[in-house]
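For reference, the structure is listed below as structure tokens.
The values are calculated or read from the model by the stated rules, or taken from the named source; none is laboratory data. Everything numeric in this text was worked out from a predicted model, so none of it was measured. Methodologically, a virtual Cβ is constructed for each residue, glycine included, from the backbone with ideal geometry; neighbour enumeration extends over all protein chains shown. For accessibility, only protein heavy atoms count, side chains too; no ligands or nucleic acids. Shrake-Rupley method; radii C 1.70, N 1.55, O 1.52, S 1.80 Å.
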Amino acid sequence: PFFAPSKRGAHDDQHIDTPVKGIVSVNQVYGLSTDSNGHDEHELPRLQDIDIVTLAPELDGACAAILALTTPDNKTSHSVVVSCGHTEATYEDGIEALSSGSTLLTHLYNAMNPFHHRMPGLVGLLSSEAKLGEMGLKRPFYSMIVDGIHIHESAVSMAYRSHPHGCILVTDAMTAMGLGDGTHSLGNMSVDIKGDRATLSGTDILAGSVVSMDTCVRRFQRFTGCSLGEALLCATLHPAMLLKRHVKRNSATVDDAPIGVLEIGAKADLVLLNDDLEVLRTWVGGRLSFVEKRRGIFN
């Protein structure tokens, strides 16, 4: 909930907050506790159950929270990926966030200041490899909602050409995905769906998306002109690299197996696609869970 109020998008304003106390504010909002207070510790929300937190880095206490969240825990070695989003951050705010440990930009171009040639904002970080390198920093990963609505195709291509290895495709899909046109619910808010567009009822405010990941991958490949393999990397390996889940962890459990890669020992969550990037079959945990009967496997 640590968003700039002016960039909250479809989020309910009554839940927007500021992390004035840094990690203490985070613990309070997420119900995390530093001690069990007499309760079974397994019943308490744990920081290691959280993978990603999006916040506005310009808010009071935000960079202190970023530093605390991204510092590995002494006991579990777990750290949280902190992403900059729903923000009025300047380019300079972005550099400070990266210096504090942030490694991702949420929903590039959306709910953030637009790129300007004198005030590049967070978008300018994508083309700042040299400047950031001099500071001992790396360019952030960035997620894009490539539904053809949230971002113009030319902006999708521009971002990808600027920083292809940092691109991560996301759907931002809400529960109305696949339900067709009409009025649906998003939490306690009403959302109108028309085609691929989802807006808060009675407004033009986008309320997530209703497109699937395979649709995003197909449109991304078309918008950028990249190869099929390059498009698939943005939906598989790149997000796994962000989470540092593309390599084997110390734990030998199935849940900790590598993701986003095809190799022995990796998690067997697989998708079989045809040359048009249409889903033919899926496996979850090594078990066949979906078969597209309308298309032949080699069509």
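A full extension of the chain between residue 153 and residue 188 corresponds to an added length of 9.4 nm, given 0.36 nm per residue minus the alpha carbon distance. Bridgeable lysines around residue 75 (alpha carbons under 29 Å apart, same-chain partners fewer than 8 residues away excluded): 21, 138, 244, 248, 267.
Counting other Cβ atoms within 10 Å, which trypsin sites (Lys or Arg not before Pro) in region 228-293 have at most 12 and lie in a DSSP loop? List each step's numbers first, then the result.
On the way: sites: 244, 245, 248, 249, 267, 281, 287, 293; in loops: 244, 245, 248, 249, 267, 293.
Loop-located and lightly packed - 244, 293.
Restricting to the chain, compute how many DSSP beta bridges are antiparallel as a %, nearest 5. Show your work: numbers first, answer last.
Details: 18 of 31 bridges.
If we restrict to bridges inside the chain, about 60 percent are antiparallel.
By the gyration tensor of its Cα atoms, with a ≥ b ≥ c the square roots of the eigenvalues, what is the shape of region 89-229: rounded for a/c under 1.5, prolate for a/b over b/c, or oblate? Prolate shape, in that a/c is at least 1.5 and a/b is the bigger ratio.
How much of the accessible area of the chain, probe 1.4 Å, is carbon plus sulfur, in whole percent? Please list the in-between numbers first.
Working: 8550 of 16410 Å².
Of all accessible area on the chain, carbon and sulfur atoms account for 52 percent.
Our summary gives the chain a relative contact order of 11 percent, counting only alpha carbon pairs under 8 angstrom and 6 or more residues apart.
Accessible area of residue 135 (1.4 Å probe, protein heavy atoms only, ligands and nucleic acids ignored): about 100 Å². Within the set [x] 16.3; [y] 31.3; [z] 17.9, the number that mean projected area of the Cα convex hull in nm² takes when calculated for this structure is listed as [z].
Sorted largest first, the principal axis extents computed over the alpha-carbon atoms of region 176-299 equal 51, 37, 30 Å.
Taken one residue at a time, the phi angles of region 81-94 give Karplus couplings (6.51, -1.76, 1.60, θ = phi - 60°) of 6, 10, 10, 8, x, 6, 9, 9, 4, 8, 4, 5, 4, x Hz. Gly and Pro are set to x. For region 1-122, the solvent-accessible area works out to 52 Å² per residue, with a probe of 1.4 Å and every protein chain left in place.
Given only helices, namely DSSP H runs of n ≥ 4 each adding -39500 (n - 2.57), what is the per-residue ellipticity at 222 nm of the chain, to the nearest 500 deg cm²/dmol?
Values: 8 runs with 67 residues, N = 299.
-6000 deg cm²/dmol, from helical runs alone.
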